[in-house]
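Structure first, then comments.
The values are calculated or read from the model by the stated rules, or taken from the named source; none is laboratory data. For clarity, every value in this text was computed on a predicted model and none was experimentally measured. Here the Cβ is made from the backbone with ideal geometry for all residues, glycine too, and neighbour counts use every protein chain on show.
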């Protein structure tokens with residue numbers, strides 16, 4: 001039983017890491033204003049399923065990775081109620097990449113769905 005739990009956790013972690021960047025870019029592409037990490041995390045928690053896809057602490061490495069790749073850019077602004085906040089916005093390269101990733105996601109989702117619905121693929 002412990003193996004099954006570990007396998008489920010590993011699969012969920014791999015699935016999440018593969019989709020987190022896509023979800024973040026999509027969220028950022030719909031925002032008219034730059035957003036900071038906590039704000040992004042709260043928006044992600046309001047999805048169709050109440051359980052967040054990733055923990056807030058896991059969000060920041062993905063944001064940094066997207067920024068390091070040139071898909072997001074950020075600026076730090078002082079905050080009147082606490083420490084400075086880093087605000088993120090999607091770049092033009094991010095918008096272009098998102099279009100490609102959406103196509104790849106749709107293709108991958110269709111491929112997986114076909115196998116999950118019809119297990120007879122000889």
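Tabulated values for the structure
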| quantity | calculated |
| --- | --- |
| Scan of segment 92-101 for residues that are within 16 Å of the chain's Cα centre (by Cα) and surrounded by 13 or more Cβ atoms within 10 Å (Cβ to Cβ), ordered by number | 94, 95, 97, 98, 101 |
| Test: residue 59 is assigned to a helix (DSSP H, G or I), within 13 Å of the chain's Cα centre (by Cα) and at pLDDT 95 or above | no |
| Answer residue from segment 41-55, given it is within 11 Å of the chain's Cα centre (by Cα) and more than 11 Å from residue 16 (Cβ to Cβ) and is modelled with the lowest pLDDT among those | 44 |
| Search result, residues across segment 75-116 that are in contact (Cβ under 8 Å) with a residue 60 or more places away in the chain and in a strand (DSSP E or B) | 88, 89, 90 |
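Residue-wise test of (1) surrounded by 12 or more Cβ atoms within 10 Å (Cβ to Cβ); (2) closer than 24 Å to residue 11 by Cα; (3) touching a helix residue (DSSP H, G or I) at 6+ places or on another chain (Cβ under 7 Å).
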| site | (1), (2), (3) |
| --- | --- |
| 37 | yes, no, yes |
| 58 | yes, yes, no |
| 63 | yes, yes, yes |
| 79 | no, no, no |
| 84 | no, no, no |
| 103 | no, yes, no |
| 107 | no, yes, no |
| 110 | no, yes, no |
